[in-house]
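Chemist: The following block contains the structure, expressed as structure tokens.
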Amino acid sequence: MFRAARKGVAFNAMSTYVDYQDKSLYYSDPLKVFDFCKRRLTSKVTLRHDYLVKDNSIPFEYAVYLYK
């Protein structure tokens, strides 16, 4: 996906930094994902783990932005 992009790629995922995990869902470690992207794809990586889907909750998703 990144190779085919002209400017960059963005994606979001469910974080392992949560207080509850549903066994039917997949959660990924944001640090491992960031490390992979930084080492293997591009030095221009942004990780956002600060947005809330609903008020008074913890951030259970994160977004990664990869730039060319």
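The values are calculated or read from the model by the stated rules, or taken from the named source; none is laboratory data. Model, not experiment: these values are computed from the prediction. Note that each Cβ is placed from the backbone with ideal geometry, even for glycine, and that neighbours are counted across all protein chains shown.
Chemist: Only residues that are among the hydrophobic types (A, V, I, L, M, F, W, C) and either in a loop (DSSP other than H, G, I, E, B) or over 12 Å from Lys68 (Cα atoms) (or both): list them for region 1-13, please.
Modeler: Met1, Phe2, Ala4, Ala5, Phe11, Ala13
Chemist: A further question on this structure: Residues of region 18-68 being of a type in the set (Ser, Thr, Tyr), surrounded by fewer than 12 Cβ atoms within 10 Å (Cβ to Cβ) and closer than 27 Å to Arg3 by Cα, which ones?
Modeler: Tyr26, Ser43
Chemist: Taking into account only those residues within region 14-56 that are among the polar types (S, T, N, Q) and part of a loop (DSSP other than H, G, I, E, B), which is farthest from the chain's Cα centre (by Cα)?
Modeler: Asn56
Chemist: Within the set of pairs 6+ apart or on separate chains, which have a first residue in region 21-49 that is without any contact (Cβ under 8 Å) to a residue 40 or more places away in the chain and over 12 Å from Leu66 (Cα atoms), a second that is of a type in the set (D, E, K, R) and surrounded by 12 or more Cβ atoms within 10 Å (Cβ to Cβ), and C-beta atoms under 9 Å apart?
Modeler: His49/Glu61
Chemist: Looking at region 47-68 only, could you name the residues that are in contact with a helix residue (DSSP H, G or I) (Cβ under 9 Å, 6 or more places away or on another chain) and either at pLDDT 95 or above or of a type in the set (A, V, I, L, M, F, W, C) (or both)?
Modeler: Once the filter is applied, which keeps residues that are in contact with a helix residue (DSSP H, G or I) (Cβ under 9 Å, 6 or more places away or on another chain) and either at pLDDT 95 or above or of a type in the set (A, V, I, L, M, F, W, C) (or both), region 47-68 yields Leu47, Tyr62, Val64, Leu66.
Chemist: Now for a separate question. What is the number of the single condition among (1) surrounded by 10 or more Cβ atoms within 10 Å (Cβ to Cβ); (2) at pLDDT below 95; (3) more than 14 Å from the chain's Cα centre (by Cα) that Met1 does not meet?
Modeler: (1)
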